[in-house]
Amino acid sequence: MASSESTELRPVLTVSETARSMVLDVLAEEPNPASMALWLEVSGSSNGVYSYDMYFESIADAGEDDTVQHGDDLTVVIPAN
């Protein structure tokens, strides 16, 4: 018999309230901000420290293998490759 336990999905990325506020301020200046997401990619690493690229791109550009995390007012996409 299959278990009836539900699996709770946890966010891949947690954005602090301060960072979220700053990102939303910048996003508001973009053309058509409602259709945009914050894209976050690991761009490299050095001595165990990762560096990241962050940019705004259309939510519609996310592929099926990309991780898309929807928040109340901020969508974050982490590309698969």
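For the stretch 64-73, which positions are open to solvent by 50 Å² or more (accessible area, probe 1.4 Å) and touching a strand residue (DSSP E or B) at 6+ places or on another chain (Cβ under 8 Å)? Selection gives Thr67, Val68. Number of residues in the stretch 47-63 that are open to solvent by less than 60 Å² (accessible area, probe 1.4 Å) and polar (S, T, N, Q): the value is 2. Looking only at the stretch 61-75, residues that are touching a residue at least 12 places away in the same chain (Cβ under 8 Å) and closer than 18 Å to Val26 by Cα come to 4 in all.
Counting the residues of the stretch 12-46 that are touching a Pro at 6+ places or on another chain (Cβ under 6 Å) and open to solvent by 60 Å² or more (accessible area, probe 1.4 Å) gives 0. Taking the numbered list (1) touching a residue at least 40 places away in the same chain (Cβ under 8 Å); (2) open to solvent by 80 Å² or more (accessible area, probe 1.4 Å) in turn, Ile78 passes all entries but (2).
The values are calculated or read from the model by the stated rules, or taken from the named source; none is laboratory data. What you see is a predicted model; the values in this text were computed from it and never measured. Cβ coordinates were reconstructed from backbone atoms using ideal geometry, including for glycine residues, and neighbour counts include every protein chain displayed. The accessibility values were calculated without ligands, DNA or RNA, using every heavy atom of the protein model including side chains. Shrake-Rupley method; radii C 1.70, N 1.55, O 1.52, S 1.80 Å.
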